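Presented below is the structure to which this report refers.
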Amino acid sequence: MNQRILVVEDEVKIANFLKRGLMEESYLVDLAHDGNLGLEKALTGSYDLIVLDIGLPERDGMDVCQVLRSKGRLTPIIFLTARDSVHDKVLGLDLGADDYLTKPFAFEEFLARVRSLLRKAQQQADMRLRIADLVLDSKTRKVERGGLAIDLSTKEFALLQYLMENRGVVLSRMDISEKVWDIHFDTTTNVIDVHINRLRKKIDHDFPVKLIQTVRGAGYTLGEE
């Protein structure tokens, strides 16, 4: 699948130049010529990368970046701007941008930075497990469902990760005890059932679709009903 890039640039010649060059590299490209439209497209569309000018009409590029990050949007952002002061670079990166390239620039360098950010984004995506609207990031050890952060203990996180890595597979209590607790299963303990119930309350209780399923006499599995 071709990767889609949003270019938010008010200078039409530069925007069209970037679009042509990126399309020649087989990227899909959308354009926006002001900050408000750029923010709207970024919030409603699905993009692999955003190229963002700072000095935009309607809404400053710094503000666009800040709003996107405040809403939890992790799409890589590269600032492409004439502002070359250290202060502006530091501010842009602190607001959540992933890279900062000043004008004028060599298109070959721009493409190299685009490729680098897309590679990093793919590597990070490979660290995330997703089932329905449940997302587990094994790198940051964060869990979200429906965009809401879920606080898990270390053992609850390990249990959920094991269930998600084995989506649709019925895992016995013995499987879980050996993989998550690293102990031989004790038939007299209900520790696994207790942790499953705690996990279920956190990730299923407030959502209409229940993901943790009990398979009577066999164990547990995770997946959409």
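Here is a check on your reading of the model: is Arg83 over 12 Å from the mean Cα position of the chain (by Cα), at pLDDT below 90 and outside the structural domain of Lys155 (by TED's automatic domain parsing)?
Yes; evaluated as a whole, the condition is true for this residue.
When the residues of region 22-46 are narrowed to those that are out of contact with any strand residue (DSSP E or B) (no Cβ under 9 Å at 6 or more places or on another chain) and part of a helix (DSSP H, G or I), which ends up nearest to Val64 (Cα to Cα)?
Across region 22-46, the extreme among qualifying residues is Asn36.
Which numbered condition in (1) modelled with pLDDT of 90 or more; (2) outside any strand (DSSP E or B); (3) of a type in the set (Ser, Thr, Tyr) is the only one that Tyr100 fails?
(2) is the only condition that Tyr100 fails.
Just checking: which of the helices (runs of 4 or more DSSP H) contained wholly in region 152-225 hold 1 or more residues that are farther than 20 Å from Asp133 by Cα and modelled with pLDDT under 90?
Here the list reads 173-176, 191-203.
Condition first: outside the structural domain of Ala42 (by TED's automatic domain parsing), loosely packed, with under 12 Cβ neighbours inside 10 Å, in contact (Cβ under 8 Å) with a residue 40 or more places away in the chain and closer than 29 Å to Leu199 by Cβ. Can you find one or more residues in region 156-164 that meet it?
So far as region 156-164 goes, no, none of its residues is outside the structural domain of Ala42 (by TED's automatic domain parsing), loosely packed, with under 12 Cβ neighbours inside 10 Å, in contact (Cβ under 8 Å) with a residue 40 or more places away in the chain and closer than 29 Å to Leu199 by Cβ.
Within region 15-35, identify whether any single residue is surrounded by 14 or more Cβ atoms within 10 Å (Cβ to Cβ) and closer than 29 Å to Ala149 by Cβ, and answer yes or no.
Yes: region 15-35 contains one or more residues that are surrounded by 14 or more Cβ atoms within 10 Å (Cβ to Cβ) and closer than 29 Å to Ala149 by Cβ.
Have a look at Ser172, Ser153, Ser177 and point out the one that is in the same structural domain as Val194 (by TED's automatic domain parsing), among the polar types (S, T, N, Q) and touching a helix residue (DSSP H, G or I) at 6+ places or on another chain (Cβ under 7 Å).
Going through Ser172, Ser153, Ser177 in turn, just one is in the same structural domain as Val194 (by TED's automatic domain parsing), among the polar types (S, T, N, Q) and touching a helix residue (DSSP H, G or I) at 6+ places or on another chain (Cβ under 7 Å): Ser177.
From the list Ser116, Ser172, Ser177, Ser153, pick out the single residue that is hydroxyl-bearing (Ser, Thr, Tyr) and crowded, with 17+ Cβ neighbours inside 10 Å.
Within the list Ser116, Ser172, Ser177, Ser153, the selection yields Ser177.
So in region 6-21, with the set limited to residues that are of a type in the set (A, V, I, L, M) and not in a strand (DSSP E or B), which one is farthest from Arg119 (Cα to Cα)?
Val12
Checking the conditions here, which among Leu91, Leu136 is under 13 Å from the mean Cα position of the chain (by Cα) and surrounded by 15 or more Cβ atoms within 10 Å (Cβ to Cβ)?
Criteria check complete, one pass: Leu136.
With the structure loaded, tell me whether Gly92 is within 30 Å of Thr140 (Cα to Cα), assigned to a helix (DSSP H, G or I) and in contact with a Cys (Cβ under 8 Å, 6 or more places away or on another chain) or whether it fails that test.
yes
Hey, among the residues in region 43-90 that are of a type in the set (Gly, Ala, Ser) and in contact (Cβ under 8 Å) with a residue 40 or more places away in the chain, which one's farthest from Leu148 (Cα to Cα)?
Ranking the qualifying residues of region 43-90, first place goes to Gly55.
Is at least one residue of region 65-74 assigned to a strand (DSSP E or B) and polar (S, T, N, Q)?
No, region 65-74 has no match at all.
The values are calculated or read from the model by the stated rules, or taken from the named source; none is laboratory data. On a predicted model such as this, the values are computed, not experimentally measured, just so you know. Cβ sites come from the backbone with ideal geometry, for glycine too, and all protein chains shown count toward neighbours.
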